[in-house]
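One structure below.
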Amino acid sequence: MDDLIKAKNESKEKSFVELRSEELKAVSEFLELPKRGSLYYPACGDDESPSLAFSEWDVTYLDAVDDSLDKAGRRFFKGNLLNPPFEEDEVFDVVLIISPGIQFQDKGFYGYINKATENLREGGYVICDNKHDTASLLEEKDDSFEKVDKPDSVKEFYVFEKKKPEDL
């Protein structure tokens, strides 16, 4: 009987959200982020992993299509990145850019990155993957961000810090 229970427990795989939240938590701990802060996740779909990883943070989700997080009681806005429904002067400590399938007609995906990060505070972080070349674009095209180290255990994400004007 014990062997059956052990085998059953070993066969349980972690969900996508659990795996992603573990990586985000590892990044947060590695960067020594404060216990409380604010995170913005545009084009979030139904991914609530930031709320698990940053459990005491104010997490703002934005998506033009999927509203399942609204139903889950998260701070969710259904809307367009061009006209985000939060206050224009609201500032975030972290912006999460994970695999959004969005491009701006005139500026392509790089235009999306610029718009997504315009409310990021100086010294704040972008946590992103490299699908759609997000990390590559930040590293190669944008002098206002600097790539920073991350834990070796983190495979999916890259981290960039928004430089302060005196560092540009």
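Every read-out reported here was derived from the displayed coordinates using simple, explicitly stated rules and does not represent laboratory data. Given the structure is predicted, the values throughout are model-derived calculations rather than measurements. Using ideal geometry, Cβ is built from the backbone for each residue, glycine included, and neighbour counts are taken over all protein chains shown.
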Looking at this model, which pairs from 14/155; 78/163; 14/78; 115/147; 14/131; 25/162 are more than 24 angstrom apart at the alpha-carbon? 78/163; 14/78
So for the chain, averaging the separation of alpha carbon pairs under 8 Å that are six or more residues apart and normalising by length, what relative contact order in percent results? 18
Going by how many other Cβ atoms sit within 10 Å of their own, how do 163, 35 line up, fewest first? 35, 163
Tilt of helix 108-117 relative to the longest C-alpha principal axis of the chain, in degrees (0 to 90, nearest 10)? 80
Dipole of the chain, Cα-centred, from +1 at each Lys and Arg C-beta and -1 at each Asp and Glu C-beta, to the nearest 20 debye? 300
Set of aspartates and glutamates with alpha-carbon distance to residue 35 below 14 Å, sequence-local pairs under 8 removed: 56, 58, 93
What number, rounded to the nearest 500 deg cm²/dmol, is the helix-based mean residue ellipticity at 222 nm of the chain, given -39500 (n - 2.57) per DSSP H run of at least four residues and division by all its residues? -9000 deg cm²/dmol
